[in-house]
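The values are calculated or read from the model by the stated rules, or taken from the named source; none is laboratory data. Every value quoted in this text rests on a predicted model; they were computed, and no experiment measured them. All Cβ positions, glycine included, derive from the backbone under ideal geometry; neighbour counts span all protein chains shown. These area figures cover heavy atoms from the full protein model, side chains too; ligands, DNA and RNA do not enter into them. Shrake-Rupley method; radii C 1.70, N 1.55, O 1.52, S 1.80 Å.
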Amino acid sequence: MPIIDVDNLVKEFHRPKRFDGPLGGLRTLVTRQMITSRAVDGVSFSIDEGELVGYLGSNGAGKSTTIKMLSGILVPTSGHVAVNGLVPWQERERNALQIGVVFGQRTQLWWDLPLADSLKIIGKLYRVEPDRYRRNLDQFIDLLGLEPFLGTPVRQLSLGQRMRGDLAAAMLYEPRILYLDEPTVGLDVVAKERTRQFIEQINRETGTTILLTTHDLADVERLCNRIIFIDKGNVLYDGPVDRLKRRYAPYRMLDVALAGDGDSAGAIRLDLPGVEIVEQGDARLRIQFDPEVIAVTDLITAVIAEHDVSDIAIVEPDLEGVVRQIVESGNTALTMGGDRS
Amino acid sequence: MHRLDAILTLAGASLRSEFQYRANVVTSIVGGLIYQLTGFLVVFIIVDRFTELGGWTLPEITFLYGMRLTSHGIFYATISQMFEFDRVLINGEYDRFLVRPMSPLVQVLTRKLRVNCFGDLLGGLILLLAASRGVDVDWSLAAIGMLLAAVVGGALVEGAVQIALGSLSFRYLNTLQIRVVANEIFNVYGNYPFRIFPGLLQYLLTFALPVAFVAYLPASVILDETNGLHVSTTLAVAAPVIGVALFMLALLFWRRMSRHYQSAGN
């Protein structure tokens, strides 16, 4: 029984039609003609308890709109959602008790009050008993290193400190599900790493189910074993990260540095199946190969047999390149959603 | 019980937030008090000169002014955040409220406190107290009860209008101007005996916008000035109940309109 179940979810937005030209503004104001746009267009997926899933897509793909329906902010146009058995927009308050939500760009803390006060207020709103509150607070102070700025008003915190405060606030009442909407946006390298560590730890140690949207694919590669990729409101891919790579970027690269003066570079030819030289510089080669056709060891053996090699490296395709490829090719012929085994 | 506790927690937070800026608190309260008493001074001078206004004596006018101002102060202390509701919707703060286990309206109303409400409250109470000796009222328990109910009911009337108009923002996003105008009408016309207004205006200020129910009608009852009232005395006595009813209607309207919420982009 999945903890999050999304079935054929659709969200349409209606806006009054805009008119240009003379009296355009007035016509826009009084018109009854509406323009309808579909932000989410039939999304289905299910997530099991304890999963850490990356929810990806370009700007305007429908990520945030989906999260908003899962958390009870928006009412969908059609489709069904059950979060731990609750329909979020029908039982909004009960659902709120079982989810934590962090919006990377907006804090939920009280701007003018010390961080400790905000956490105390959250504890009260979510009805955390004093013992449990004390225990959780101590744990998060420890995990997130909150001690030095607990007494500082939130408006004076750095973005990284504020994010740590927001994460503590979202987990203080031990929700079973955590939605993270771009939790690392705008953070520096150190703060990003700290945030990722915390997310990973929370997922591993408490078994909290986490749904994460991000534009930083390093987050996904580091944290998620499954991704759901959406574009134009549709699920394009749902499955493990490495299978996505295999499917959309089946080739690997072999970077070869040649020893000697590099005279031989011009003469290099590799007549092997599934292999192609894509770049050739002085004393450098970049060879693209298909690991399904030729084993990497065979390729290396072949290269070494014919040339004097000083260094060799295998380059894995990065997720970013893969995602760019999917979005650029951008047609739904790629659709293969829901074939997760 | 938990609900009340949560409301008090949030209200306490907004109060403490405001007190982080001490100088601002003092100037706001003193400023609010001076502003309101200056407004009253004009009325005082005029009525003092002509000894009465619409058949009401100076203490009676003072009493009416004090009732209206106290109601306005209570309204301002509790509901004034409706004036910032458009911004709450547009900057996405409302999303935040919807993922918490409590009413989003309560969270809107308690997100901040405008401390100058204490100036209004203080001014209103001073005027009420000053006038209570001068007016010809036997301060029985019933009279005091009516006064308390009327002052709270008045705040509910003003609150109902602001919440109902604010609900329109779920659809149209920018409705602040309408609410500012409505509030201005309450402030300008709410403090006088209606007899000085032309007949049509009296009815408009009763049934189109319920200004009369805030202070004028209940004050007429308390001061026994119901002769020649433009509506029935029963309606005047019922003013606090009408306040409650209007407020509940406004909450229903809010709930209905909130279905149109589309959330902000990111």
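Evaluating B:His2 against the criteria (1) within 14 Å of chain A (Cβ to nearest Cβ); (2) open to solvent by less than 30 Å² (accessible area, probe 1.4 Å) leaves one unmet condition, (2). Restricting the first member to the stretch B:171-191 and to residues that are touching a residue at least 60 places away in the same chain (Cβ under 8 Å), and the second to residues that are part of a loop (DSSP other than H, G, I, E, B) and open to solvent by less than 80 Å² (accessible area, probe 1.4 Å), the beta-carbon pairs closer than 8 Å and six or more apart or on different chains are B:Thr175/B:Leu168; B:Phe186/B:Leu209; B:Phe186/B:Val214; B:Gly190/B:Val214; B:Gly190/B:Ala215; B:Asn191/B:Ala215. Against the condition surrounded by fewer than 18 Cβ atoms within 10 Å (Cβ to Cβ) and either small (Gly, Ala, Ser) or over 29 Å from A:Leu9 (Cα atoms) (or both), how does A:Ala170 come out, does it pass? The answer is no for A:Ala170.
What helices (runs of 4 or more DSSP H) lie completely within the stretch B:92-137 and have 3 or more residues being more than 30 Å from A:Thr66 (Cβ to Cβ) and over 17 Å from the mean Cα position of the chain (by Cα)? Answer list for the stretch B:92-137: B:116-134. If only residues of the stretch B:28-43 that are among the polar types (S, T, N, Q) and surrounded by 14 or more Cβ atoms within 10 Å (Cβ to Cβ) are counted, the one that is nearest to B:Leu125 (Cα to Cα) is B:Gln36.
Apart from one condition, B:Val115 fits all of (1) away from every other protein chain (no Cβ under 14 Å); (2) more than 29 Å from A:Asn95 (Cα to Cα); the exception is (1).
The number of residues in the stretch B:54-67 that are within 18 Å of B:Thr226 (Cβ to Cβ) and surrounded by 24 or more Cβ atoms within 10 Å (Cβ to Cβ) comes to 5. Here is a list: B:Leu33, B:Leu15, B:Leu37. Which entry is within 14 Å of chain A (Cβ to nearest Cβ) and in a helix (DSSP H, G or I)? Matching residue, one of B:Leu33, B:Leu15, B:Leu37: B:Leu15.
Tally up the residues in the stretch A:1-57 that are in a strand (DSSP E or B), within 14 Å of another protein chain (Cβ to nearest Cβ) and among the β-branched types (Val, Ile, Thr), please.
Narrowing the stretch A:1-57 to residues in a strand (DSSP E or B): A:4-16, A:34-47, A:52-56.
After this cut, where a residue has to be within 14 Å of another protein chain (Cβ to nearest Cβ) as well, the list is A:11-16, A:34-40, A:55.
Checking the rest, the ones that are also among the β-branched types (Val, Ile, Thr) come to A:35-36, A:40.
Total meeting the criteria: 3.
Every condition in (1) modelled with pLDDT under 90; (2) out of contact with any Lys or Arg (no Cβ under 6 Å at 6 or more places or on another chain); (3) more than 14 Å from every other protein chain (Cβ to nearest Cβ) holds for B:Gly54 except the one numbered (2). In the stretch A:82-108, how many are more than 7 Å from chain B (Cβ to nearest Cβ), surrounded by fewer than 22 Cβ atoms within 10 Å (Cβ to Cβ) and among the hydrophobic types (A, V, I, L, M, F, W, C)? Total satisfying the criteria: 4. Residues in the stretch B:33-75 that are of a type in the set (Phe, Trp, Tyr) and within 13 Å of the chain's Cα centre (by Cα) were compared, and the one that is nearest to B:Phe247 (Cα to Cα) is B:Phe75. Taking the criterion of being open to solvent by 50 Å² or more (accessible area, probe 1.4 Å), part of a loop (DSSP other than H, G, I, E, B) and β-branched (Val, Ile, Thr), the only residue of the stretch A:267-320 that qualifies is A:Val293. Among the conditions (1) closer than 30 Å to A:Gly60 by Cβ; (2) open to solvent by 40 Å² or more (accessible area, probe 1.4 Å); (3) out of contact with any Lys or Arg (no Cβ under 7 Å at 6 or more places or on another chain), the only one that B:Ser258 does not satisfy is (2).
Yes/no matrix, rows are residues, columns are (1) in contact (Cβ under 8 Å) with a residue 12 or more places away in the chain; (2) within 13 Å of another protein chain (Cβ to nearest Cβ):
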{"position": "A:Trp110", "(1), (2)": "yes, yes"}
{"position": "A:Leu113", "(1), (2)": "yes, yes"}
{"position": "A:Arg134", "(1), (2)": "no, no"}
{"position": "A:Gln139", "(1), (2)": "no, no"}
{"position": "A:Gly145", "(1), (2)": "yes, no"}
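Please work out which residue is most open to solvent (accessible area, probe 1.4 Å), limiting yourself to the stretch A:109-127 and to residues that are of a type outside the set (Lys, Arg) and assigned to a loop (DSSP other than H, G, I, E, B).
At the first step, the residues of the stretch A:109-127 found to be of a type outside the set (Lys, Arg) are A:109-119, A:121-123, A:125-126.
From what is left, the residues that are assigned to a loop (DSSP other than H, G, I, E, B) are A:109-113, A:126.
Working: A:Leu109: 13, A:Trp110: 31, A:Trp111: 125, A:Asp112: 22, A:Leu113: 0, A:Tyr126: 12 Å².
Checking each candidate, the answer is A:Trp111.
Which of the residues that make up the stretch B:63-97 are touching a helix residue (DSSP H, G or I) at 6+ places or on another chain (Cβ under 7 Å) and free of Cβ contacts under 8 Å to residues at least 12 places away in the same chain? The one that is touching a helix residue (DSSP H, G or I) at 6+ places or on another chain (Cβ under 7 Å) and free of Cβ contacts under 8 Å to residues at least 12 places away in the same chain: B:Phe97.
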